[in-house]
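J.: The structure follows.
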Amino acid sequence: MGVCAMPRRPFGTGNVPAVPPLDSEEVKFWLHIMEEHALFIKTGLPADKKDLIEEATSFEREFKALRVRAEKNLSEKKFVELVTDTMGSLKEFIRYKRLLLELSFTNKLGSALPPLFFDHLIREAEYFMAILTKLRAGKKLAVVKALEADFWLRIMAEHTKFIGSRIDPSERSLIDVDRGYEVEFDNLYMQGRDYVSFFEHQPMELPAFGRFLQDSRAATVRLRDFKQAVYDMIIKNRMLSTVPAVMADHVRREADHFLLVLAMMEKGIIKVEKDCVDSIKKHHTKYDMIMDDEFVEPIEEIEGIEDIEIHEHGHLFEEEAIDDMELDFTPGLIGREKEPPSQAVADQPGVLTDDREEPEEENTPKVQGEVKEVVTEEVVTPPPKPAYKYKAQAPPAPPKNDKQPKYKWGGSLPRQLGKITE
């Protein structure tokens, strides 16, 4: 579940129950995303598919009307009605997207939009449906960190592919930058899949996973800035591509949403579950990370929510919670130098010792075929092997740094792409 924290309206007065701000903003965010999905489909279909284009246009109008309703101060009853109506429209929209995916598989669509694009849109719509199902049941949203990272990192990785496929071949520098992000986020996504598998066997607090989330956040900040630069160059006609400006802004807002989810998980603003397996078995839904039966605290009572705000266009006001990261995982094609690891950390690793003695190998003859006579010999059971002992040492305190440098997506180039040297 992603949780958006845009400018919020005050709670209602009188006897009208107020809709929790996080729920309201989440619905508004995803309604806008679905509206733009319909727009992308409509403009990407061939002109001879008039019936499919008309259906896409109809969905665009539906989700726009739902978003207008969501912008109003709704009572709890009206909000539930909005959620129910949205679920009806979304169910049909998912059916429509699956039809397009099937047609694209068999080359019957003739669209410039690839099958992965439709699959991407379907996954986001199913994610939104899981959120709406939870809200209609009157339950709060929660996340499982590994599953949440798995969902969003794949979305980010596919954004780089969609952008790169629509950049003009002459834009070699931009293509190189985009390919660097594509490799980086493919690797992060696969690493996230590994952690999902790890936690299915042993849910636990794993410091390496915390570092992985920091790596993901730092990389997403840079990718978000790259997407913003692409958008700026498109609207100023300073970039050769077929990327619509609205699509560049669309993927940038989704990156900001992912960053907000990471920040809220860190600050404890949204409930976090640890066990991937229990969540999946308990809720039986494709996106189980948001289907938790327990309630989180009311948003006004949670310390730290005031530190996370969004600009009217979606940008983060509070950069310190997101950008001040010590790790630098700039794509290799950009050529940024990475900071060497701290010597203090290198000199103090955990010590892995093994007190076991390897037993001598016994030559046990292998018997094949039918056994007619069994010879019984006395078997001496060796003593149990002592377990590995891990001597963990507390990591050194991080050095104090009042202000960390900000990441720049193209800072290592002779000039930042999209900037004209006066």
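The values are calculated or read from the model by the stated rules, or taken from the named source; none is laboratory data. It should be emphasised that the depicted structure is a prediction, and the values quoted were computed from it without experimental measurement. So basically every Cβ, Gly included, is an ideal-geometry build from the backbone, and we count neighbours across all protein chains shown. Accessible surface is based on the protein model in full, side chains and every heavy atom, while ligands, DNA and RNA are left aside. Shrake-Rupley method; radii C 1.70, N 1.55, O 1.52, S 1.80 Å.
J.: Filter segment 48-69 for residues that are of a type outside the set (D, E, K, R) and open to solvent by 50 Å² or more (accessible area, probe 1.4 Å) and give the result.
T.: Correct list: 65, 68.
J.: Does segment 70-83 hold any residues that are open to solvent by 60 Å² or more (accessible area, probe 1.4 Å) and assigned to a helix (DSSP H, G or I), and which are they? It would help to see each step written out before you state the result.
T.: The first filter runs over segment 70-83 and keeps only residues open to solvent by 60 Å² or more (accessible area, probe 1.4 Å), leaving 71-73, 76-78, 81.
Result: 76, 77, 78, 81.
J.: In segment 224-250, how many residues are in contact with a Phe, Trp or Tyr (Cβ under 8 Å, 6 or more places away or on another chain) and more than 24 Å from residue 31 (Cβ to Cβ)?
T.: 3
J.: Here's something else I'd like to know. Check off (1) crowded, with 22+ Cβ neighbours inside 10 Å; (2) farther than 30 Å from residue 265 by Cβ for residue 98 and give me the number that stays unchecked.
T.: (1)
J.: Also: Of everything in segment 100-117, what is assigned to a helix (DSSP H, G or I) and touching a residue at least 40 places away in the same chain (Cβ under 8 Å)? Give them in sequence order.
T.: Those that are assigned to a helix (DSSP H, G or I) and touching a residue at least 40 places away in the same chain (Cβ under 8 Å): 100, 116, 117.
J.: Would you confirm, using the coordinates I've provided, whether residue 264 is within 27 Å of residue 195 (Cα to Cα), open to solvent by less than 40 Å² (accessible area, probe 1.4 Å) and at pLDDT 85 or above?
T.: Yes; evaluated as a whole, the condition is true for this residue.
J.: Given the structure, is residue 126 among the acidic types (Asp, Glu), in a helix (DSSP H, G or I) and under 22 Å from residue 251 (Cα atoms)?
T.: On the way: among the acidic types (Asp, Glu): yes; in a helix (DSSP H, G or I): yes; under 22 Å from residue 251 (Cα atoms): yes.
Answer is yes for this residue.
J.: Give all pairs with beta carbons closer than 7 Å in which a residue from segment 175-195 that is at pLDDT 95 or above meets a residue that is among the basic types (Lys, Arg); count only pairs at least 6 apart in sequence or on separate chains.
T.: Hits for this filter: 182/161; 189/154.
J.: Any idea which residue in segment 79-91 is farthest from residue 129 (Cα to Cα), counting only those that are touching a residue at least 12 places away in the same chain (Cβ under 8 Å) and of a type outside the set (A, V, I, L, M)? Outline the logic, then answer.
T.: First, pick out the residues of segment 79-91 that are touching a residue at least 12 places away in the same chain (Cβ under 8 Å): 79-80, 82-87, 89-91.
From what is left, the residues that are of a type outside the set (A, V, I, L, M) are 79, 84-86, 89, 91.
Values: 79: 15, 84: 11, 85: 12, 86: 9, 89: 10, 91: 8 Å.
The extreme case among them is 79.
J.: Shifting gears a bit: Would you be able to tell me the number of residues in segment 131-163 that are surrounded by fewer than 19 Cβ atoms within 10 Å (Cβ to Cβ), of a type outside the set (D, E, K, R) and part of a helix (DSSP H, G or I)?
T.: Qualifying residue count, segment 131-163: 2.
J.: Do you know which of the residues in segment 196-217 that are surrounded by fewer than 16 Cβ atoms within 10 Å (Cβ to Cβ) and acidic (Asp, Glu) is modelled with the lowest pLDDT?
T.: 205
J.: Working carefully through the options 189, 231, find the one that is among the hydroxyl-bearing types (Ser, Thr, Tyr), open to solvent by 50 Å² or more (accessible area, probe 1.4 Å) and within 30 Å of residue 39 (Cβ to Cβ). Walk me through it before giving the result.
T.: Values: 189 fails: open to solvent by 50 Å² or more (accessible area, probe 1.4 Å).
After ruling out the rest, the residue left standing is 231.
J.: Go through segment 188-212 and report how many residues are of a type outside the set (Phe, Trp, Tyr) and more than 16 Å from residue 157 (Cβ to Cβ).
T.: The total comes to 12.
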